[in-house]
Amino acid sequence: MNDSAKPVFAKAFSHIYVERGVRNHPRTCRLLAKFPDAVVIECEDYKEIFSRSRQRPDRQKNAQALLLAASKQPALYPGARVCQSFGNEHFYYASNVMNCVFDCEYCYLQGMYPSAHLVVFVNLEDTFAEIDRILKEHPMYISISYDTDLLALESLTGYLAEWCAFAASRPSLLLEVRTKAAASGPLTALPVLPNFIWAFTLSPEIVIKRYEHKTPSLFARLSTASAALSQGRNVRLCFDPLLRIPDFQIHYRELFQKTFAALTPERITDVSLGVFRIGKDYLKNMRKNRPCAVTCYPYQLCDGVYSYEKKHSAQLLAFAKNELLAYLPESKLFLWQAEENKEGDTDAYEL
Ligand code: SF4
């Protein structure tokens, strides 16, 4: 295993908080057994730790605690407006794990949660029961790895194996796992299913180095995607978020060239493209907690969502789309675009 493929939680989680109500849950026992030297602290509700005031998520990223809890609701939500449905009418996302072992400077989780500690909801069965209830009414498309990176955590949680087992007998359920992980081993051990999409987020090397801390290199991500393709899996490529970095044309052109030198375009299921965008309140929190080049860019606010000025978004998106059309037909490209005919206010934020 090369360095970039090592589980980044290998040295983390010296402290594990466990809700008393799930202390004897089989998944809790399985997870605790992986950390025999950890200090285990029982609590009534994980929010006692997770929602404390005046936390420093940026510092917690270097010493994440693990919180094992029960989600009070089934952890299943309607797809957010800033996310793509890929033409699926009934779009949801599941959030059985909150927070991520990677550390991207632009990650919305920093604006959404008061803490960077990793929460694993062990009552996956409640999410599955809710899905079965909804499936009786209509098919479902569920993204199961938005608020975390489940593939990076697979050797810890085994949740993808459980999702695969669940999806295998439910053809009207379509799942998407979004990942930046380089984890060919855990991935190739999972069954190959027609209703399971592996969505690899790819970025230029310069973006990975500057903004996507602790994530695997582009080469390592492409190796994992290649392993998935060679097993006949559905592979989606996500060039999202596109960042308006200096010389973006050079860096994204190089990214696309490297990508399709490693992966056969005809075997790619589809491609997602979208410029950086984020909800107003999340960006406000991120600027307070982690002012940096990405968070403090003078974005334009449009209908509660910050993104680049409209002409800059259009330029970035058009460039990426035109480059990709050299490799793929337009029918395979899914673009996230802000609603048309809405002008935004230029953001007046100053450091
Ligand atoms: S990999 Fe995704 S979820 Fe994890 S920190 Fe980066 S943007 Fe956030």
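Taken together, the values in this text are just the output of simple stated rules run on the coordinates, not laboratory data. Model, not experiment: these values are computed from the prediction. Glycine gets a Cβ as well: all are built from the backbone with ideal geometry, and neighbour counts include every protein chain shown.
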Need one number for the range 266-308: average projected area of the convex hull over its C-alpha atoms, nm². 4.3
Residues meeting the amide H criterion for TYR17 (H placed from the backbone, H to H distance under 5 Å, 5 or more places apart or on another chain) are ILE41, LEU66, LEU67, LEU68
Sparse-neighbourhood loop hits (GluC sites (Glu not before Pro), the range 72-148; DSSP loop; Cβ within 10 Å at most 11 others) -> GLU89, GLU137
Would you mind ranking SER14, SER307 so that the residue whose beta carbon has the fewest other beta carbons within 10 Å leads the list? SER14, SER307
Shape metrics for the range 19-96, restricted to C-alpha atoms - Rg then Dmax, Å: 16.3, 47
Treating only the Cα positions of the range 135-191 as identical point scatterers, give the base-10 log of I(q)/I(0) from the Debye formula at each q in 0.18, 0.29 Å⁻¹. -0.62, -1.27
Whole-Hz Karplus ³J(HN,Hα) for the range 22-34, in order, using 6.51 cos²θ - 1.76 cosθ + 1.60 and θ = phi - 60°, x for Gly and Pro? 10, 4, 9, 5, x, 6, 4, 4, 5, 5, 5, 5, 7
Mind checking the range 51-131 for trypsin sites (Lys or Arg not before Pro) that DSSP puts in a loop (not H, G, I, E or B) and that have at most 15 other Cβ atoms within 10 Å? ARG52, ARG54, LYS72, ARG81
To make sure I understand, if each residue's beta carbon is the centre and we count other beta carbons within 10 Å, what order do ASP58, ASP147, ASP103, ASP37 fall in, fewest to most? ASP37, ASP58, ASP103, ASP147
Might you list the cysteines of the chain that have no disulfide-compatible partner by the rule of another cysteine's Cβ under 4.7 Å? CYS29, CYS43, CYS83, CYS100, CYS164, CYS238, CYS292, CYS296, CYS302
Starting from the eigenvalues of the Cα gyration tensor, five times each then square-rooted, give me the equivalent ellipsoid semi-axes of the chain, largest first, whole Å. 31, 25, 20
Value at 222 nm in deg cm²/dmol, rounded to 500, when DSSP H runs of n ≥ 4 in the chain each add -39,500 (n - 2.57): -8500 deg cm²/dmol
Run the quick spin-label model on ARG23 and ALA161: label points 7 Å from Cα toward the beta carbon, then report their separation in nm to one decimal. 2.7
In whole Hz, with x marking every Gly and Pro, tabulate ³J(HN,Hα) for the range 179-186 from phi via Karplus 6.51 cos²θ - 1.76 cosθ + 1.60, θ = phi - 60°. 8, 10, 6, 10, 9, 4, x, x
Non-local residues with an amide H under 5 Å from the amide H of LEU242, with H modelled 1.01 Å from N and Pro and chain starts lacking one, are GLY274, VAL275, PHE276
I need the Debye-formula profile for the range 128-260: one equal scatterer per C-alpha, no solvent, reported as log10 I(q)/I(0) at q = 0.10, 0.14, 0.18, 0.19 1/Å, two decimals. -0.36, -0.66, -0.98, -1.06
Please give the length that would be gained between ALA262 and ALA314 if that part of the chain were fully extended, namely 0.36 nm times their separation in residues minus their C-alpha to C-alpha distance (nm, one decimal). 15.9 nm
In the range 111-214, trypsin sites (Lys or Arg not before Pro) in a DSSP loop with at most 12 other beta-carbon atoms within 10 Å: LYS136
Per residue of the range 52-63, in order, report the coupling 6.51 cos²θ - 1.76 cosθ + 1.60 (Karplus, θ = phi - 60°) as ³J(HN,Hα) in whole Hz, putting x for Gly and Pro. 4, 7, 6, 8, 10, x, 4, 6, 4, 4, 8, 8
